[in-house]
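Each remark here refers to the structure printed beneath this line.
The values are calculated or read from the model by the stated rules, or taken from the named source; none is laboratory data. On a predicted model such as this, the values are computed, not experimentally measured, just so you know. For neighbour counting, all protein chains shown are included, and Cβ atoms are generated from backbone atoms with ideal geometry for every residue, glycine included. Note: areas computed on protein heavy atoms with side chains; ligands, DNA, RNA excluded. Shrake-Rupley method; radii C 1.70, N 1.55, O 1.52, S 1.80 Å.
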Amino acid sequence: MRLSRAFLPTLKETPAEAQIASHRLMLRAGMVRQTSAGIYAWLPLGWRVLQKVAQIVREEQDATGAQEILMPTIQTADLWRQSGRYDAYGPEMLRLKDRHEREMLYGPTNEEMVTEIFKGYAKSYRDLPRNLYHIQWKFRDEVRPRFGVMRGREFLMKDAYSFDLDHDGAVRSYRQMFVAYLRTFARMGLKAIPMQADTGPIGGNLSHEFLILAETGESQVFLHKDLLEFDVLSQPVDYGGDLSPIVDFWTSRYAATDEKHDLAAWAAIPEAQRVSARGIEIGHIFHFGTRYSAPMGLSVSGPDGKPVVPEMGSYGIGVSRLVGAIIEANHDEAGIRWPEAVAPFKLAVLNLKQGDAGTDALAARFYDAFAPDAVYDDREERAGVKFADADLMGYPWQAVIGPRGAAAGKVELKRRATGERVELSVDDAIARVKAG
Ligand code: ATP
Ligand code: MG
């Protein structure tokens, strides 16, 4: 992308309404624009990041054998009456009427709809287990939308739904999602900690919230220090096999939000191993048995021919919230420092003397080596402006090309995450960035 032609509406001033770094930086970098309270348009830079985040989520869901679908945002009230949630849901639900006065709603979640869809298909135990997910916009009329995309009213969520024949199968599905979540967040450079969460009126102990630590988090969390040191990506994973080595590591060490905090268990942990911090919830997994399948009449014939009501679970990830959360975890005073896996572009080529035959030629050559995963700052702007913008947008690499270097065939490479700079020949610099 050539910046001279790009739609990148950056802001010079810090927006007054933004209270936390990610919100401030997303507005300043021109990633999103608020169109009404808690509702955002995603602009080119932000949209690229959102799609990269969604793609990692998708790949890790697919790896478990879950299958992607796409359910609509608009649902009928009747569906929610079957589960008994239509009246219970309250003012967070956006309720609508169509021209025939039929009651509709903009989906805040999809348990009812997916159960209805699956019911039309599943006849016997051979149709189980299945896991269906989608990545779709949700609407929740939050009392206090804030912190930009972190707590929006319209937001992008990945929600998966598992269907199993019995409790053991449901636990297996739950553990698959547990591991997939750890891998998903780790691939984005995040240290997400699963914490036991409330299961509400349904009971049981199978619900975990995944949180990352950040000063601006809305929850207070308590955890064992070991959990920050586990590298899940270095572990072999076989979703058809035994996931205990990973799951047991996490579930055998203390981690809880303040709602579930157990003072006695906490006191038993040596002081040097205790971490108490603020956290941001980025995912939530939940086993709820027959809470939806039973009232909605989902039943299949079991191996003995008798009807069985499948056990279900649901598994959410806040895809748009993650964009904010990643920035909370990766920024400095100058701007964003994208982890490579989710960066909008891998590198920015900064031509310090636009119009100079030497710098123009070298910059174009460098840009061509990485396009379309690169931006080329070919604007007629001062060097200082280009440096500041590249730091703000947070591309992992900057290739700085000035007249002196160009004459010597050299490029200055800067790594955004560390600030480290090296001067290299063009070929070496290209190889260096390609090596990551
Ligand atoms: P919270 O406690 O933050 O309101 P929740 O428990 O209501 O979250 P879930 O219903 O479990 O959230 O939704 C799954 C995921 O969707 C959450 O883990 C979170 O990452 C994301 N999410 C929920 N509400 C919002 C929102 N208003 N804006 C952006 N993301 C959200
Ligand atoms: Mg909520």
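Yes/no matrix, rows are residues, columns are (1) within 16 Å of ligand 2 (Cβ to nearest atom); (2) among the β-branched types (Val, Ile, Thr); (3) open to solvent by 30 Å² or more (accessible area, probe 1.4 Å):
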position	(1), (2), (3)
156	yes, no, no
175	no, no, yes
185	no, no, no
217	yes, no, no
223	no, no, no
257	yes, yes, no
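Among the residues of the stretch 259-282, count how many are touching a helix residue (DSSP H, G or I) at 6+ places or on another chain (Cβ under 6 Å) and surrounded by 15 or more Cβ atoms within 10 Å (Cβ to Cβ).
Count: 3.
Being more than 22 Å from residue 293 (Cβ to Cβ), assigned by TED's automatic domain parsing to the domain that holds residue 292 and surrounded by fewer than 16 Cβ atoms within 10 Å (Cβ to Cβ): is that true of residue 209 here?
Numbers: more than 22 Å from residue 293 (Cβ to Cβ): yes; assigned by TED's automatic domain parsing to the domain that holds residue 292: yes; surrounded by fewer than 16 Cβ atoms within 10 Å (Cβ to Cβ): no.
Answer is no for this residue.
Can you name the strands (runs of 3 or more DSSP E) wholly within the stretch 387-436 that have at least 3 residues being without any contact (Cβ under 8 Å) to a residue 24 or more places away in the chain? Write out each step before concluding.
Details: elements: 397-401, 410-415, 421-425.
Answer list for the stretch 387-436: 410-415, 421-425.
Given the conditions (1) touching a Pro at 6+ places or on another chain (Cβ under 6 Å); (2) away from ligand 1 (no atom under 12 Å from the Cβ), and given that residue 104 satisfies all but one, which numbered condition is not satisfied?
(1)
How about the stretch 153-189: which of its residues are touching a Pro at 6+ places or on another chain (Cβ under 8 Å) and under 30 Å from residue 46 (Cα atoms)?
Taking the stretch 153-189 and keeping what is touching a Pro at 6+ places or on another chain (Cβ under 8 Å), we get 153, 162-165, 169, 172-173, 178, 181-182, 188-189.
Matches in the stretch 153-189: 153, 178, 181, 182, 188, 189.
Every residue, every condition in (1) touching a residue at least 24 places away in the same chain (Cβ under 8 Å); (2) within 30 Å of residue 22 (Cα to Cα); (3) open to solvent by 20 Å² or more (accessible area, probe 1.4 Å); (4) within 16 Å of ligand 2 (Cβ to nearest atom), yes or no:
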{"site": "125", "(1), (2), (3), (4)": "yes, no, yes, no"}
{"site": "129", "(1), (2), (3), (4)": "yes, no, yes, no"}
{"site": "134", "(1), (2), (3), (4)": "yes, yes, no, no"}
{"site": "138", "(1), (2), (3), (4)": "yes, yes, no, yes"}
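Residues that are within 14 Å of ligand 1 (Cβ to nearest atom), within 14 Å of residue 39 (Cα to Cα) and modelled with pLDDT of 95 or more: does the stretch 122-137 have at least one? I'd like the intermediate steps shown before the answer.
The first filter runs over the stretch 122-137 and keeps only residues within 14 Å of ligand 1 (Cβ to nearest atom), leaving 133-137.
Those left that are additionally within 14 Å of residue 39 (Cα to Cα): 137.
Applying the additional criterion that residues be modelled with pLDDT of 95 or more yields 137.
Checked the stretch 122-137: at least one residue is within 14 Å of ligand 1 (Cβ to nearest atom), within 14 Å of residue 39 (Cα to Cα) and modelled with pLDDT of 95 or more.
Residues 377, 373, 360: which one is among the acidic types (Asp, Glu) and closer than 24 Å to residue 189 by Cβ?
Details: 377 fails: closer than 24 Å to residue 189 by Cβ; 360 fails: closer than 24 Å to residue 189 by Cβ.
None of the other options fit; the residue is 373.
In the stretch 57-78, how many residues are assigned to a helix (DSSP H, G or I), more than 15 Å from ligand 1 (Cβ to nearest atom) and open to solvent by less than 20 Å² (accessible area, probe 1.4 Å)? Break it down stepwise before answering.
Filtering the stretch 57-78 down to residues assigned to a helix (DSSP H, G or I) leaves 57-63, 77-78.
Imposing the further condition that a residue be more than 15 Å from ligand 1 (Cβ to nearest atom) reduces the set to 58-60, 62-63, 77-78.
Then drop every residue that is not open to solvent by less than 20 Å² (accessible area, probe 1.4 Å), which leaves 60, 77.
The qualifying residues number 2.
Sort out which residues of the stretch 85-101 are part of a loop (DSSP other than H, G, I, E, B) and more than 15 Å from ligand 1 (Cβ to nearest atom), and write them in order of number. Don't jump to the end; show me each part of the working.
Just the residues of the stretch 85-101 that are part of a loop (DSSP other than H, G, I, E, B), to begin with: 89, 93, 98-101.
Selection gives 98, 99, 100, 101.
The rows are residues; the columns are (1) in contact with a Gly (Cβ under 8 Å, 6 or more places away or on another chain); (2) more than 30 Å from residue 11 (Cα to Cα); (3) among the small types (Gly, Ala, Ser).
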{"residue": "291", "(1), (2), (3)": "no, yes, no"}
{"residue": "297", "(1), (2), (3)": "no, yes, yes"}
{"residue": "305", "(1), (2), (3)": "no, yes, yes"}
{"residue": "313", "(1), (2), (3)": "no, yes, yes"}
{"residue": "317", "(1), (2), (3)": "yes, no, no"}
{"residue": "332", "(1), (2), (3)": "no, no, no"}
{"residue": "379", "(1), (2), (3)": "no, no, no"}
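In the stretch 299-313, what count of residues is obtained for those that are surrounded by fewer than 22 Cβ atoms within 10 Å (Cβ to Cβ) and either assigned to a loop (DSSP other than H, G, I, E, B) or of a type in the set (Gly, Ala, Ser) (or both)?
Qualifying residue count for the region: 8.
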